[in-house]
Amino acid sequence: MKGLLYKNLQVIWKDMKLPLVFYALACFLPWTILTGTPEIDAMDSVLLPAVGIPLDLTRRDIKNGWDSMERTLPFSPRQIVGSKYAISALSLLWGFGFYWLGQLAFCRETFSAPNYWEDAAYSIAILLLLDTIFLLTLHASVGDVGIDWGTFRLVILLALGVLFVSSYGGFLLDLIIKLLLVSPLLWLLSIPLSVRIYKRKRSLL
Amino acid sequence: MNAIQCRGLTKAYKDFTLDNITFDLPAGTILGLVGENGAGKSTTLKLLMDAIPRDGGQVTILGTDNQSPDFHRTKEDIGVVLDEACFPEVITPKELGKLMGYAYQNWDQAQYEAYLDRFRLPRDKKFKEFSKGMKMKLAISVALSHKAKLLLLDEATSGLDPMVRDEILDVFNEFTREEDNTVILSSHIVSDLEKICDYIAFLHQGRLVLFEEKDRLLEEYAIVKGTAEQLDALDPAAVAGKKVNAYGAQALVRRSLIPATFTTEHTNLEDIILFLAQDSSTSL
């Protein structure tokens, strides 16, 4: 997996600087500036790099044929899928890092709001849950209909997911709270399922 | 020992089926896999690597079932060159060497550098700036730099000029000087295959029409020319393919089965393949 991570980091650093800057800005500049109110929900912007970076990497891999080459190299499906999870984790850290820098820069008073850390934990858990769904559906979504339609389909799915949770979170609060408590574990446990989906996705070739 | 054992390999697509491919390839030999565009050469190689799942059959590569959980370890001993070299666009040969060093336990950086020098490939140029020939040479350098025992080369010489093709065929020949090293080279440039291959497999419309030793093919088969009526008089078992036009007729025949009264001409691999392709129901 070290080789795959090395390759992904090389591609991100050499060919995705502009998107990295965009994601950094999107997380750094909180909604506070637009709304005038400290807003923990601005953490949703962290989903942008968490989804955008692995998705962009997958698109490039499929377009330049690397995904075919990768399967001839001595990497197991677990290592291939694991490298996507690792990149998603790094992307989440990139987003969180700039988000909190932005909070410190523009709305430090947010940190002293009542229930701040409780709300922050709630938001982080939601993000991990959505990231889990994204990683599970990544290979399945983009494989069978081509990379461009697959990306469009995935983005729509995630946007609907975010809207649903934001609008109806209260209604399903009980279930969501239970899921949120274990969302970091769900993120990790989704790896074997992703591997199975990745193996199945080969049948679409 | 066989480097590859293939039994009933099958893959069905909507409008194409690779049907019941069966062959054994002894270790230490070079197999030329020939066929027209769309015959199934690339599909066969991808199925051998389990890069795409098969619909039926069994494949054993270097003693391991290619669908076993351990097959990714066997890939350490297999070098693959796809029909289009598929590395990340922004990566340089230097970085590619580092990547492959992480991927392969037996990666030989000194060997890789030697091939880069031999093929005159710049180390710090991005892959997307390479010409087609350079990309192919880079892919071959990678395939030959991890002590592989088996090379799978999918159209590795297509689109290259004759000088470069000759250089690359020499490299493949050198590879097989190690006793157990095996090569499968797919190509529709039959003259390349005739130069270096020990075995020839001919794929036509998804079927394996022919799998034979090259030298035996060239000894056994010959061209006979005459009128259509003369050729019709031949034993059908002797005739492997026939062409009739306004100027006369030619047939590909088994020398041992035709009367001595017929004058035969030596044939080459290209003629044999063309005759067989024309009569697609023919199987040797």
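The residue that is modelled with the lowest pLDDT, among those in the range A:27-60 that are open to solvent by 10 Å² or more (accessible area, probe 1.4 Å) and within 14 Å of chain B (Cβ to nearest Cβ), is A:Arg59. In the range B:167-180, the count of residues that are within 18 Å of A:Met69 (Cβ to Cβ), out of contact with any Lys or Arg (no Cβ under 6 Å at 6 or more places or on another chain) and assigned by TED's automatic domain parsing to the domain that holds B:Pro88 is zero. Of (1) closer than 27 Å to B:Val34 by Cβ; (2) modelled with pLDDT of 95 or more, B:Asp108 satisfies all except one. Which? Condition (1) is where B:Asp108 drops out.
Taking the range B:14-128 and the helices (runs of 4 or more DSSP H) fully enclosed by it, the elements with 3 or more residues that are open to solvent by 60 Å² or more (accessible area, probe 1.4 Å) are at B:93-103, B:109-118. Scanning the range B:142-166 for residues that are away from every other protein chain (no Cβ under 14 Å) and part of a helix (DSSP H, G or I), we see that the one that is surrounded by the most Cβ atoms within 10 Å (Cβ to Cβ) is B:Arg165.
Considering the range A:112-141, and only residues there that are touching a residue at least 40 places away in the same chain (Cβ under 8 Å) and among the charged types (D, E, K, R), the residue that is surrounded by the fewest Cβ atoms within 10 Å (Cβ to Cβ) turns out to be A:Asp119. Residue check: B:Leu99 meets all listed conditions (1) touching a residue at least 40 places away in the same chain (Cβ under 8 Å); (2) of a type in the set (A, V, I, L, M, F, W, C); (3) within 15 Å of A:Thr72 (Cα to Cα) but one, namely (1). Out of all the residues in the range B:69-79, is one or more within 19 Å of B:Ala156 (Cα to Cα), more than 8 Å from chain A (Cβ to nearest Cβ) and of a type outside the set (Ser, Thr, Tyr)? Scanning the range B:69-79 turns up at least one residue that is within 19 Å of B:Ala156 (Cα to Cα), more than 8 Å from chain A (Cβ to nearest Cβ) and of a type outside the set (Ser, Thr, Tyr). Would you be able to say whether some residue in the range B:210-225 is in a strand (DSSP E or B), more than 17 Å from B:Leu31 (Cβ to Cβ) and open to solvent by 20 Å² or more (accessible area, probe 1.4 Å)? Within the range B:210-225 (the criterion being in a strand (DSSP E or B), more than 17 Å from B:Leu31 (Cβ to Cβ) and open to solvent by 20 Å² or more (accessible area, probe 1.4 Å)), the answer is yes, since at least one residue qualifies. Could you list, in sequence order, the residues of the range B:101-115 that are more than 7 Å from chain A (Cβ to nearest Cβ) and closer than 26 Å to A:Asp56 by Cα? Matches in the range B:101-115: B:Gly101 only. Contact annotation: residue pairs with Cβ atoms under 7 Å, 6 or more positions apart or on different chains, pairing a residue in the range A:52-78 that is over 15 Å from A:Lys199 (Cα atoms) with a partner that is part of a helix (DSSP H, G or I) and of a type in the set (Phe, Trp, Tyr), are A:Gly52/A:Tyr23.
The values are calculated or read from the model by the stated rules, or taken from the named source; none is laboratory data. No experiment lies behind these values; they were computed from the predicted model shown. Glycine gets a Cβ as well: all are built from the backbone with ideal geometry, and neighbour counts include every protein chain shown. Just so you know, the surface numbers come from the protein's heavy atoms only, side chains and all, with ligands and any DNA or RNA stripped out. Shrake-Rupley method; radii C 1.70, N 1.55, O 1.52, S 1.80 Å.
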